[in-house]
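Here the structure comes first, spelled out in structure tokens, and everything after it is commentary.
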Amino acid sequence: MQTSWDRRLLSTSSAPATTVTHDTGLLLLRLVVGLSMAGHGTMKLFGWFGGPGLTATGKGFTMAGYPAGDAMAVIAGLSETLGGLGLALGLLTPLAGAALTGTFINVLDVRGLGAYFPPKGVELEVVLFAAVVALTLTGPGRFAADHYLPVLRENRPRYALLALLVGVVAGFIVLLIREST
């Protein structure tokens, strides 16, 4: 005998899951990933949480081959801070996903893909990037500011894919700027 739970699991309906546990899981993931990214951004911008601050971050960008290291430090810090806060709040989630996607493309290029696991690997970056992409594609759930924005609630797949495309293009443009210098 099938229960309602079994029928829901076996359903081939394309309707999004709207259970409290689903939305709570998305909220938890958004908070952890978003606040972690916002924290990294504030480390760059303000030196919070033991971070290097803007001057040292700018020097790091210059050493990594980016032109105008100070400007790039501000862009990266703002992308991480605002993208992370947007993700955590579920506010303009596709835009937050785009900002963080461009950031991760550059992070992975700078770190290199020579090793996956620590000490020189990109395991953590890949996991965080996958979480950002997943949240951008699935949406933030009911416990989010976007839930109250009808445009984002109703047309999520189109905006999610467009945002990821914008993030990828922006990320690669910044890489081209880095590579051409």
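The values are calculated or read from the model by the stated rules, or taken from the named source; none is laboratory data. Quantities reported herein were computed from a predicted structural model and do not represent experimental measurements. Heads up, the Cβs are rebuilt from the backbone with ideal geometry, glycines too, and the neighbour counts pull from every protein chain shown. We work out accessible area using only protein heavy atoms, side chains counted, and drop any ligands, DNA or RNA first. Shrake-Rupley method; radii C 1.70, N 1.55, O 1.52, S 1.80 Å.
Quick check on my filter: what residues within region 62-71 are open to solvent by 30 Å² or more (accessible area, probe 1.4 Å) and without any contact (Cβ under 8 Å) to a residue 60 or more places away in the chain?
Quick first cut of region 62-71, residues open to solvent by 30 Å² or more (accessible area, probe 1.4 Å) only: 62-63, 67-68, 70-71.
Within region 62-71, Thr62, Met63, Ala68, Asp70, Ala71 qualify.
Test Pro119 against the stated conditions and say whether it is over 23 Å from Ile173 (Cα atoms) and open to solvent by 10 Å² or more (accessible area, probe 1.4 Å). Give the steps one after another, and end with the answer.
Numbers: over 23 Å from Ile173 (Cα atoms): yes; open to solvent by 10 Å² or more (accessible area, probe 1.4 Å): yes.
Taking the combined requirement at face value, the residue satisfies it.
Does Ser11 fit the bill of being open to solvent by 20 Å² or more (accessible area, probe 1.4 Å) and either closer than 25 Å to Leu162 by Cβ or modelled with pLDDT of 95 or more (or both)?
no
So which residues in region 139-173 are farther than 19 Å from Thr24 by Cα, modelled with pLDDT of 90 or more and over 16 Å from the mean Cα position of the chain (by Cα), if there are any at all?
Within region 139-173, Ile173 is the sole residue that qualifies.
If you scan region 132-154, which residues turn out to be open to solvent by 50 Å² or more (accessible area, probe 1.4 Å) and of a type outside the set (Ser, Thr, Tyr)?
Leu137, Arg142, Phe143, His147, Leu149, Pro150, Val151, Arg153, Glu154
Given the conditions (1) under 24 Å from Leu26 (Cβ atoms); (2) modelled with pLDDT of 95 or more; (3) more than 13 Å from the chain's Cα centre (by Cα); (4) surrounded by 21 or more Cβ atoms within 10 Å (Cβ to Cβ), which single one is not true for Gly86?
Against the list (1) under 24 Å from Leu26 (Cβ atoms); (2) modelled with pLDDT of 95 or more; (3) more than 13 Å from the chain's Cα centre (by Cα); (4) surrounded by 21 or more Cβ atoms within 10 Å (Cβ to Cβ), Gly86 comes up short only on (3).
Looking at region 66-80 only, could you name the residues that are part of a helix (DSSP H, G or I) and of a type in the set (A, V, I, L, M)?
Across region 66-80, the qualifying residues are Ala71, Met72, Ala73, Val74, Ile75, Ala76, Leu78.
Take region 36-61 and flag every residue that is assigned to a helix (DSSP H, G or I), open to solvent by 20 Å² or more (accessible area, probe 1.4 Å) and not hydrophobic (A, V, I, L, M, F, W, C).
Ser36, His40, Lys44, Gly50, Thr55, Lys59, Gly60
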